[in-house]
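The values are calculated or read from the model by the stated rules, or taken from the named source; none is laboratory data. The structure presented is a predicted model; accordingly, all values stated were derived computationally and were not measured. Note that we place each Cβ from the backbone using ideal geometry, even for glycine, and neighbour counts take in every protein chain shown.
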Amino acid sequence: MPHVRVLRPFNNGTHHAFVRPGDVLMVSDERAADLMRNSLVEPFAEMKAAPVPENKAAPLPANKNEADPPVRRGPGRPPKVR
């Protein structure tokens, strides 16, 4: 039973069982062929984990905080609200 990715929304057989674009379904071979023929789905290969990169980010220096406090503004006109 292949996995397929939905390209267009459609009713998956039962009442209120709509599938949305981007969903991944597991269907029978015949059903997958029918859905592909109607351009509703595309074949989907299982996602594999990405390899860990060799060039990792440098650690933060000791004199720098991760959570710096927000910048406090002095009195004056407030920013324009859109």
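Per-structure values
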item: Strands (runs of 3 or more DSSP E) (entirely within the chain) containing at least 1 residues that are touching a residue at least 60 places away in the same chain (Cβ under 8 Å) and touching a strand residue (DSSP E or B) at 6+ places or on another chain (Cβ under 9 Å); result: none
item: Residue ID - nearest to the chain's Cα centre (by Cα), chosen from residues in region 22-32 that are surrounded by 12 or more Cβ atoms within 10 Å (Cβ to Cβ) and not basic (K, R); result: D23
item: Matching residues, region 10-27, being more than 22 Å from M47 (Cβ to Cβ) and not hydrophobic (A, V, I, L, M, F, W, C); result: N11, G13, T14, H15, H16
item: Answer from R31, R77 - the residue that is under 16 Å from M1 (Cβ atoms) and among the basic types (K, R); result: R31
item: Residue within region 41-50 that is exposed (fewer than 10 other Cβ atoms within 10 Å of the Cβ), modelled with pLDDT under 80 and not basic (K, R) present; result: yes
item: V41 touching a helix residue (DSSP H, G or I) at 6+ places or on another chain (Cβ under 7 Å) and either hydrophobic (A, V, I, L, M, F, W, C) or at positive phi (or both); result: yes
